[in-house]
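Here's the structure we're looking at; comments come further down.
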Amino acid sequence: NIDPASLLPKLPKPEELKPFPTVCSTLFRGHEGRVRSLAIDPLGVWLASGGDDGTVRVWELLTGRQLWSANIGDEEAVNVVRWRPGRDAVILSAAAGEDIYLLVPPVVDPETETASRDLLDAGFGYATNATQALTANGQKKEPVAKWTRPGFRLEDEGVLIKITVRTTVKVISWHRRGDFFSTVSPTAQKSAVAIHTLSKHLTQIPFRRLPGIPQTVQFHPSRPLFFVATQRTIRSYDLQKQELVKIIQPGARWISSFDIHPGGDNLIVGSYDRRLLWHDLDLSTRPYKTMRFHSKAIRAVKYHKGGFPLFADASDDGSLQIFHGKVVSDMMENATIVPVKVLKGHKVKSALGVMDIDWHPREPWCVSAGADGTCRLWM
Amino acid sequence: MADSGAQSSRYGPVQVHFITNSPDIELPEGKRQLLVPTNVRRYGLSQILNSESMLDTPAPIPFDFLINGTFLRTTLEEYLTTNGLSSETTLNLQYVRSLIPPLFEASFEHDDWVSCVDILSGSSRAGTWDGNEVAAGQERILSGSYDGLLRVWNKSGQTIATSTASSAGGHTVSIKSAKFISPTQIASSSLDRTIRVWKYNEAEDHFSGDLKPVLELYGHKGGIESIDVHGPSNRILSASTDGSIGLWTTLKNSAPAADSTFLTSGPTAKRRKLTTSTSTPQRGPLSMLSSHTAPVTAAIFNPLDSTVAYSASQDHTIRTFDLTTSTLVDTRTTSHPLLSLTALPGISTQLLAAGTSARHITLLDSRISAQSTQVMTLRGHTNKIVSICHDPKSNYGLVSGSHDGTCRVWDLRSSRTGTKDEGNGLVGEAVYVVERDSQKGGKRPVGGEGIKVFGVAWDKDVGIVSGGEDKMVQVNRGRGVTRPDNP
Ligand SMILES: [Mg+2]
């Protein structure tokens, strides 16, 4: 008789996989109502957050001190905040309702502020808004997006550009070089996915037809590939050849989020039907591993991008789960995935728990945004 | 055997051997061995040592006793039983001047978070540099706040002076660090990326005074987390989130001109009036040292040689710089981001203590010749350690301030061998934990919310002064030194 347990691969114990975050080290309190989105800046010094109160805020990451805030939402929630990648400028993007804002929070030095403003302003020279296409019957076609100044009140606060699209923006995702970013407006039908070029103030709609309602998008970390998740599938497209490359089928009923491993060949997916899936893109279009640890929807998944083999998910059950996920270079060998820690503390409010997560660019620290109105830093 | 031995020795005598590292309180050779009853504790042993037949001290010195690196906190009897020792054993008792429990003395209230504190007294650094004098009773506490203001307090908690607002030459946003350079000169640094040097004047009656800006220093591209000063050479060192260390002079006429790119305030700052419009002279750095790869959290002068600087960074390293040539001399890499730094001048010229984000303090021997880098780890804090200061009375003591809402007092003589999980090596535990008085014995909040300590200083005359998120400057001080304490 063979003990079946002895045939299972031996997984390392969590304590052998340190470091990973274990305790809540800082609380960020100030938002009224849910915090929907948050992001740590590329230098790892500031935390940006946005929430139902219509404000975008920037905090000192280690102390939890709020440094700056602007009300961009008016009556609308801020659904997403994302920093532009790169260290040449400090630019934060945020979306409330159908407006996307590009801003330079006044926490930076004059030289960087000037460089950042120059990057934002350069596109005004292209005046793309002026060259509107005409429809067949000779009427002016409504542009897919309008790039404008948001008005003196916001400009005084450092909010410098407003891009208005047709319906509510839920997702912003930057290309690593910092000139393109994509947004998702799930209810916009044909124009649900838009790609914006910062240097030209140009907005383009890359897909004439979409196979479902887009949920979220991401640029590949190194190749010219673009990933679009609908409720059930994730498609990767070659942006240069303008063709579909692959259809990934996680087997989830409703995808909420996904993230691409910095190595580029692996992918994690989170779903509202409580599934967390790991895909090896070399191996199959089906998941290599399916996990169901949470009792409620998973809203966000994210890989560490600064050298630690870590990833995390965030759930409406109020917890985050931290995983060790080591990708091996050997094509034949699969990634080692070990759940190492459940981080609890966020209170569940109106059936919503943790809305968003991000990792520190260098350290094994993560941050979470809660429906309870707090952000938390975990170390 | 141990059991029956312990039974029969109850309240019987045990042979002890008194030893010390301090020559001034050493016993004569013939008096070091003694039979003492096993029911004595620290206080009893301290009385024995102070007695006429032993040290015969004119005024009693409170002593603490270390057995095998651990402070005696029970009776000798309990110690023998706990360690399974028979009363036949000769106990080596290392005696040291007692660390007095730092009891709460006072709190001074601010309008906003207190980011840093410093102390001026007759025994403080700025009080003892050439030509400086501070009369007893005229000690001063300096605090910097997130409201952008500096305050100078007397020991009774009266504000003697508050720095000018940004419209009159003050910092435009939060202050992060402030130090006395002399009884009449102060330096401060801020998230506004500047260092400001202030002239401090007190009125005749010492109950009022003013803080006037005399110099603005520009050159950092990020907030300045921490500064150190050296009065005799008029130098300031700064540590910034931009990853660089600045060396500056407080002398207007020998300071280089400020680079105009740093002086131009950005459009947003201009519109929001976050600029100062005074005639305070503006200057640049003597040098900028940019070798760290992440925010620098502390830069200090070697207390024994002001031409040498040490820095601690979130890049996990402690670096040594030769300031005369502006060169990097040494880099020591640790396992965690470092958030605070102090030098312990008494033990070795280069023993450094660094507070980490990983909730412990790393002690490093930064001498290039040192065989092993890591000397000891101090454990017990439950959150980031962001401020650290050495004990002015002991070469072996230090105090740390943490986002867990406590200050902890450590004695390096007290140590044990760490567990495997602690990475083996020598581990020290806190001798005293100083809580926030504002917390009133409540439960420790998650993430230290509301009670984080941001700055701590320790002075022979004033005691332990700390400031934090509770908007309080808190003073703790050892009192009642000859009273028997609890185990
Ligand atoms: Mg593979």
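The values are calculated or read from the model by the stated rules, or taken from the named source; none is laboratory data. Since this is a predicted model, take the numbers as computed values, not measurements. A quick note on method: Cβ atoms are made from the backbone with ideal geometry, for glycine too, and the neighbour counts reach across all protein chains shown. Remember, those area values only see protein heavy atoms, side chains included, never the ligands or the DNA or RNA. Shrake-Rupley method; radii C 1.70, N 1.55, O 1.52, S 1.80 Å.
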(message) Given the options B:THR362, B:THR342, B:VAL329, identify the residue whose Cα lies farthest towards the positive end of the charge dipole of the stretch B:323-465 (+1 on Cβ of Lys, Arg; -1 on Cβ of Asp, Glu).
(response) B:THR362
(request) Please check chain B for the longest run free of chymotrypsin sites (Phe, Trp or Tyr not before Pro) that are loop-located per DSSP (anything but H, G, I, E, B) and have at most 15 other Cβ atoms within 10 Å. (result) B:208-487
(message) Beyond 45 Å, how much of the Cα-Cα pair distribution for the protein assembly as shown remains, as a whole percent?
(response) 36
(message) Need the per-residue list for the stretch B:281-318: every residue with at least 50 Å² less accessible surface in the complex of protein chains than in the chain by itself, probe 1.4 Å, sorted by number.
(response) B:GLN314
(request) Just name one of B:GLY30, B:LEU426, B:TYR79: the one whose Cα is farthest towards the positive end of the charge dipole of chain B (beta-carbon charges, Lys/Arg +1, Asp/Glu -1). (result) B:LEU426
(message) At most 12 other C-beta atoms within 10 Å and a DSSP loop state: those are the exposed GluC sites (Glu not before Pro) I care about. Give me the longest piece of chain B that has none.
(response) B:205-487
(request) Along Cα→Cβ, 7 Å out, is where each label goes; now give me the distance between the ones at A:SER222 and B:ILE61 in nm to one decimal. (result) 6.5
(request) Name the residues of the stretch B:404-449, by number, that are at least 20 Å² less accessible with every protein chain in place than in the isolated chain; the surface is that of heavy atoms, probe 1.4 Å, without ligands or nucleic acids. (result) B:ASP421, B:VAL446, B:GLY447, B:GLU449
(request) Report, in deg cm²/dmol and to the nearest 500, the calculated mean residue ellipticity at 222 nm for the protein assembly as shown, where each DSSP H run with n ≥ 4 adds -39500 (n - 2.57) and the sum is divided by the residue count. (result) -1500 deg cm²/dmol
(message) Counting only other chains, and only Cβ atoms inside 10 Å, what mean value do you get across the residues of A:21-27?
(response) 5
(message) Suppose we flag trypsin sites (Lys or Arg not before Pro) only when DSSP calls them loop and at most 16 other Cβ atoms lie within 10 Å. Which is the longest uninterrupted stretch of chain B?
(response) B:74-251
(message) Taking 22 Å as R0, compute the FRET efficiency from the Cβ-Cβ separation of B:MET54 and B:VAL433 and round it to 0.05.
(response) 0.10
(request) Using a 1.4 Å probe over the heavy atoms of the protein chains, calculate the carbon and sulfur portion of the accessible area of the stretch A:198-244 as a whole percent. (result) 44
(request) For the stretch B:103-477, report the accessible area per residue in Å² (1.4 Å probe, heavy atoms, rounded to an integer). (result) 36
(message) Taking the square root of 5 times each eigenvalue of the Cα gyration tensor, what semi-axes in Å does the equivalent ellipsoid of the stretch B:347-449 have, largest first?
(response) 25, 15, 12
(message) Accessible area of chain B with a 1.4 Å probe: how many percent of it is carbon plus sulfur?
(response) 48
(message) Nearest 100 Å² is fine: what is the total accessible surface buried where chains A and B meet, probe 1.4 Å?
(response) 2900
